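Structure record follows, encoded as structure tokens.
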Amino acid sequence: MFERGERQVDVASALGVSQQTASKWHRAWLTGGHEALEGAGRAGRMPRLSNEQL
């Protein structure tokens, strides 16, 4: 979205995140490009139950 020239406020609104988060993503994109925005993996605690247990 940043590559298309969309504003941070529009990115935040479209993705349902805060403007602060969009600003952080924009700074990362400016310094590291697309690779800087790739997911870091799962956030938070791992579930205690396995898929089979669920």
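With the helix formula -39500 (n - 2.57) applied to DSSP H stretches of n ≥ 4, the chain reaches a computed 222 nm mean residue ellipticity of -12500 deg cm²/dmol.
Computed from Cα atoms, the angle from the helix 19-32 axis to the main principal axis of the chain rounds to 80 degrees. For the chain, the spread of Cα coordinates along the three principal axes comes to 46, 23, 17 Å, biggest extent given first. Pairs of Cα atoms nearer than 8 Å and 6+ residues apart set the relative contact order; for the chain it is 21 percent.
Note on the chain: with charges restricted to the Cβ of Lys and Arg (+1) and Asp and Glu (-1), its dipole about the Cα centre is near 260 debye.
FYI, it's all coordinate maths here, none of it is from the lab. Predicted model only: the values in this text are computed from it and were never measured. Quick reminder, even Gly has a Cβ in these numbers, built from the backbone with ideal geometry, and neighbours come from all protein chains shown.
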